[in-house]
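K.L.:
Pasting a structure below so you can have a look.
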Amino acid sequence: DAGITQSPRHKVTETGTPVTLRCHQTENHRYMYWYRQDPGHGLRLIHYSYGVKDTDKGEVSDGYSVSRSKTEDFLLTLESATSSQTSVYFCAIKELASEGYEQFFGPGTRLTVL
Amino acid sequence: DAKTTQPPSMDCAEGRAANLPCNHSTISGNEYVYWYRQIHSQGPQYIIHGLKNNETNEMASLIITEDRKSSTLILPHATLRDTAVYYCIVRADTISSGSARQLTFGSGTQLTVLP
């Protein structure tokens, strides 16, 4: 599992409240990713990081911000949660293989915005 | 990244080989074929990847046609725990690129292993 944990695993919150999801990895991986998964859409990239303080937007970044102040933690923040952000959120890291890369995912966070 | 086409669902008898096809007719020369699976309520799990040659690991085998326009993931002895959605993804990644490119997941194939 490449030492990836996510917290919380489940959260219910109300519209308009801020929410922060945490991804923690223990193996010093450089690249980290946040995805959301919704029925009919597969996995969509929200933001990714290629090093401490180095982040960039993915395809569905509106309404989300990220921070990476240390290698092991990648935080995803919903500044003001909306019902459309109800989803399952997955964190991932990328690891160099003998050829190409392997990408490993965390267990996911199920977020419900009421 | 090249687009992939997979059947939406397949069944396989427990203990038999599961052969999951994927078409990627627009694949480029530097693009790899990756396979992932997602068991219900869990995160996606890396299975295998390859460029040109067939690959095998402890989980599965990957057969890539000579023209690289299609591939097959083979689970040699499917078990009930192999029931999952299987995703075929094609993307360019090289060791030297250092890119942080993401994986784009499509709809995949729902494999159901029957007892």
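K.L.:
Size of the dipole of the protein assembly as shown about the Cα centre, Lys and Arg at +1 and Asp and Glu at -1 on the beta carbon, nothing else charged, in debye to 20?
P.N.:
For this selection, approximately 300 debye.
K.L.:
What is the local net charge at residue B:86, summed over the other residues whose Cβ is closer than 14 Å to its Cβ (Lys, Arg +1; Asp, Glu -1)?
P.N.:
0
K.L.:
Please count, across the protein assembly as shown, the pairs of lysine residues with Cα atoms under 20 Å apart that sit 8 or more places apart or on different chains.
P.N.:
Taking the protein assembly as shown as the scope, the lysine pair count is 8.
K.L.:
Counting only the backbone N, which residues of segment B:54-82 are under 19 Å from the spot 7 Å out from the Cα of residue B:16 toward its beta-carbon?
P.N.:
Answer for this model: B:61, B:72-82.
K.L.:
So how do B:77, B:40, A:29 line up by other beta-carbon neighbours within 10 Å, fewest first?
P.N.:
By the 10 Å Cβ count, ascending: B:40, B:77, A:29.
K.L.:
Okay, moving on. Please compute, for peptide B:46-59, the average count of beta-carbon atoms on other protein chains lying within 10 Å of each residue's beta-carbon.
P.N.:
2
K.L.:
So which trypsin sites (Lys or Arg not before Pro) in segment A:1-98 end up in coil per DSSP with only 14 or fewer other C-beta atoms within 10 Å?
P.N.:
Sparse-neighbourhood loop trypsin sites (Lys or Arg not before Pro): A:9, A:53.
K.L.:
Sequence-distant or interchain residues sharing an amide H contact under 5 Å with residue B:78, placed H: which?
P.N.:
It is B:15, B:16, B:17, B:18, by chain and number.
K.L.:
Here's another thing I want to ask about it. So if I place +1 on the C-beta of Lys and Arg and -1 on the C-beta of Asp and Glu, and nothing else carries charge, what would the dipole magnitude of chain A be about its Cα centre? I want it in debye, nearest 20.
P.N.:
That gives chain A a dipole magnitude of about 260 debye.
K.L.:
Let me ask something else. Let me confirm one metric for peptide A:25-35, namely the mean number of other chain beta-carbon atoms within 10 Å of its residues' beta-carbons.
P.N.:
2
K.L.:
If you rank A:62, A:38 by fewest surrounding Cβ atoms within 10 Å, what's the result?
P.N.:
A:62, A:38
Each reported figure results from applying straightforward, stated rules to the coordinates on display, with no laboratory input. Worth saying up front: this structure is predicted, and the values here are computed from it rather than measured. A quick note on method: Cβ atoms are made from the backbone with ideal geometry, for glycine too, and the neighbour counts reach across all protein chains shown.
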